[in-house]
1. If R₀ is 41 angstrom, what is the calculated FRET efficiency for the pair VAL85 and GLN244, using the beta carbon separation as r and rounding to 0.05?
2. In the range 190-245, with Lys and Arg counted as +1 and Asp and Glu as -1 at Cβ, which of these residues, HIS200, MET228, ALA211, has the Cα nearest the positive end of the dipole, that is, farthest along it?
3. In terms of the ratio Rg/(2.2 N^0.38 Å) built on C-alpha atoms, what value belongs to the chain?
4. Suppose every K and R has +1 on its Cβ and every D and E has -1 on its Cβ; what is the size of the dipole of the chain about the Cα centre, in Debye to the nearest 20?
5. Just to confirm a number: summing +1 for Lys and Arg and -1 for Asp and Glu over residues other than GLU154 whose beta-carbon lies under 9 angstrom from that of GLU154, what do you get?
6. In whole Å and largest first, what semi-axes does the C-alpha gyration tensor of the range 49-142 yield when each eigenvalue is scaled by 5 and square-rooted?
7. Report the residue, chosen from ALA161, ALA221, ALA211, that carries the largest GNM mean-square fluctuation when the chain is represented by alpha-carbon nodes joined by springs under 10 Å.
8. Within the range 95-135, name every residue whose backbone N is under 16 Å away from a label modeled 7 Å from Cα of LYS215 along the Cβ vector.
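No value in this document is a laboratory result; all are computed from the given coordinates. Predicted model only: the values in this text are computed from it and were never measured. For neighbour counting, all protein chains shown are included, and Cβ atoms are generated from backbone atoms with ideal geometry for every residue, glycine included.
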Amino acid sequence: MKLSTDILFPLCGFSNFMKVTEHIKHADATRVSFEILPPLKGGSIEQVFSMLDPLMEFKPPFIDVTYHREEFIYQKRPGGFYEKVAIRKRPGTVGICAGIINRYSIDAIPHLICGGFSKDETENALIDLSFLGVKNVLALRGDVRKPDDHFIPEEDGHAHALDLVRQIVDMNQGRFLHEETVDGGHADFCIGVAGYPEKHFEAPNLKSDIAYLKKKIDAGADYIVTQMFFDNQKYFDFVQQCRQAGIKVPIIPGLKPLTRKSQLNALPSTFHVNIPDDLYETATACNDEKAVRQVGIEWAIMQSRELIKAKVPILHFYTLSNVKTVAKIVSKIF
Ligand code: FAD
């Protein structure tokens, strides 16, 4: 079958839809962007908009929307048997991206993961995203599926984000899986990848992790977004080591404010990040959660101001659905 370029990848009619690299190029100062999670199943798009509406006053160039794959649970059946069933608790990434594009006329960046996707499904998902006017994707391996203890790729899927980046680059260059587009039709995605200032938890050391990060960039990824960190020095050192390794693309710092005392343990165990002594001691000494949240806000403001001073291109906030706290921080830093 003959597929034409215009049908496959129509031009988007809005000029404010841009690649992340173009947003960075056109900005004369640090900007702020946000990552949101799709709501739990049963949630509505109005819920998403009511979360995002208050953030629009900060004029984010883009909003990232995470992707959550299925997980296995055991459901009790009549007769007392347990059946293993796959459920997705937070579906809707692509629909939310479409909602953001329509409502705010700003870029929405879906996270695209290897886990749960065959190469064909990845290709189809990318064609859908292109039709929606999505200009950027964050290419990730994806979290380990619960309750597995290590990442298991699909039989015909990718084992590492590197392979996903290569597939997207192939599509950008008009190389599709099973048929060529006859008139040179191609995708045109700007590709982001993840970087870890405190190293990815599976990597033997930071140097080897950065070597794999470099492979993602050499394969064609355009920018890096970092895992959250609470000590800016870790970010500055990471950037320096990336530059020494020959990585030249923008490295966007990811920030998440501490909002609850329980996160002093939960964040390190989930995201494999260190909580600095000062932050830990001040938060531990708080008598209630309101005070902990205030400590978290002040810490994030302090981090943000230092990063802005260092002229980072964008401050990327992980809202983890805690938008009010993030809005409070951003309102204080610009
Ligand atoms: P990779 O780049 O594949 O790296 C994984 C590990 O393998 C690293 O230790 C690396 O050093 C090593 N490695 C890399 N390439 C190779 C190779 N070719 N051969 C051997 N080893 C290699 N998860 C989700 O499920 N959904 C999301 O929406 C999501 N969003 C995220 C956003 C950001 C900004 C970040 C930082 C993480 C996000 N994650 C998300 C989590 C992420 O999927 C996990 O951290 C995952 O374990 C690794 O993903 P990666 O893309 O960094 O993997």
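1. On the way: r = 48 Å, r/R0 = 1.17.
Efficiency at R0 = 41 Å is approximately 0.30.
2. Among HIS200, MET228, ALA211, the one farthest towards the positive end of the dipole of the range 190-245 is ALA211.
3. Working: Rg = 20.3 Å, N = 334, 2.2 N^0.38 = 20.0 Å.
Expressed relative to 2.2 N^0.38 Å, the Cα Rg reads 1.02.
4. In debye, rounded to 20, the chain gives about 820.
5. Overall, the nearby charge balance is -2.
6. Working from the Cα gyration tensor, I get semi-axes of 31, 18, 10 Å.
7. Greatest mean-square fluctuation among the candidates belongs to ALA211.
8. 114, by backbone N distance to the label point.
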